[in-house]
Amino acid sequence: MNEYELRALRELEEWKFSLIKKSGFLNRLSKKAQTKVNSLIPEKAHQIITDSIKNMVKATLVGSNIITKKKQEVGRTLEEKDTKFYEKLSSHKKTAVIEGAGTGSGGLFLGLADFPLLLSIKMKFLFEAATIYGFDTNEYEERLFILHVFKLAFSSDDKRRETLLIVENWEERKSRILDMDWREFQQEYRDYIDFVKMLQLLPGIGAAVGAYANNNLMEHLGKTAKNAYRMRVLKTAPKPD
């Protein structure tokens with residue numbers, strides 16, 4: 001394990017520690033309020049939302065897998081992979097910022113269009129991240145891993161800790177995971193982004209909020225993806241004496 005990998009390992013431990021810490025008071029209060037609102041929504045409506053997002057995500061997964069170049073980054077060092085990763089993240093952040101500003105300036109109708117558009121940008125980015133770090137997205141288990149990375153980025157405290165254990169021990173756990181819990185997946189994601197996305201619909205500030213929010217959401221997803229894939233790569237690297 002070289003100096004760069006040792007530094008990455010330290011950063012990884014710091015990141016994992018940050019994930020198991022409690023969120024701030026306002027975030028916890030917001031989650032409680034959203035949980036209360038969700039309890040008032042009829043079950044039929046929950047099922048419709050779940051099915052809609054499940055189908056949307058699955059369609060995005062298929063599309064992203066088709067258009068992502070499958071040439072895996074075999075033989076590259078972790079440092080070289082990270083460099084390539086940052087380039088892709090920067091590119092996708094720019095796309096997300098333009099998309100957020102554009103839909104945010106268009107009022108309610110275009111603001112609602114932001115959800116599937118941003119989702120597709122995020123999924124495309126995760127497919128490219130997987131390829132950069134040497135994983136084959138043609139494999140079903142790798143697409144499931146991508147969904148767990150997504151869930152890890154956009155979940156509440158309890159679900160984040162639970163998902164971290166799955167991601168951290170993927171090789172041992174993957175054979176027992178047949179599919180995603182779509183109800184939980186969509187609810188955690190919606191609760192995470194609801195407040196900022198509602199602000200995006202407000203006239204006058206929607207464009208600025210959309211651009212800022214999408215930049216931050218992509219940055220957060222990028223940090224999660226980088227560390228999730230680093231974790232898998234470093235597990236196979238020779239350990240220091």
**Prompt:** Going down the table (Lys93/Lys174; Lys93/Lys223; Lys151/Lys174; Lys21/Lys94; Lys16/Lys93), which pairs top 20 Å between alpha carbons?
**Reply:** Lys93/Lys174; Lys21/Lys94; Lys16/Lys93
**Item:** In sequence order, calculated HN-Hα J values of the stretch 184-193 (Karplus, 6.51, -1.76, 1.60; Hz; x Gly/Pro)
**Value:** 5, 4, 6, 5, 5, 5, 4, 4, 5, 10
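Each reported figure results from applying straightforward, stated rules to the coordinates on display, with no laboratory input. No experiment lies behind these values; they were computed from the predicted model shown.
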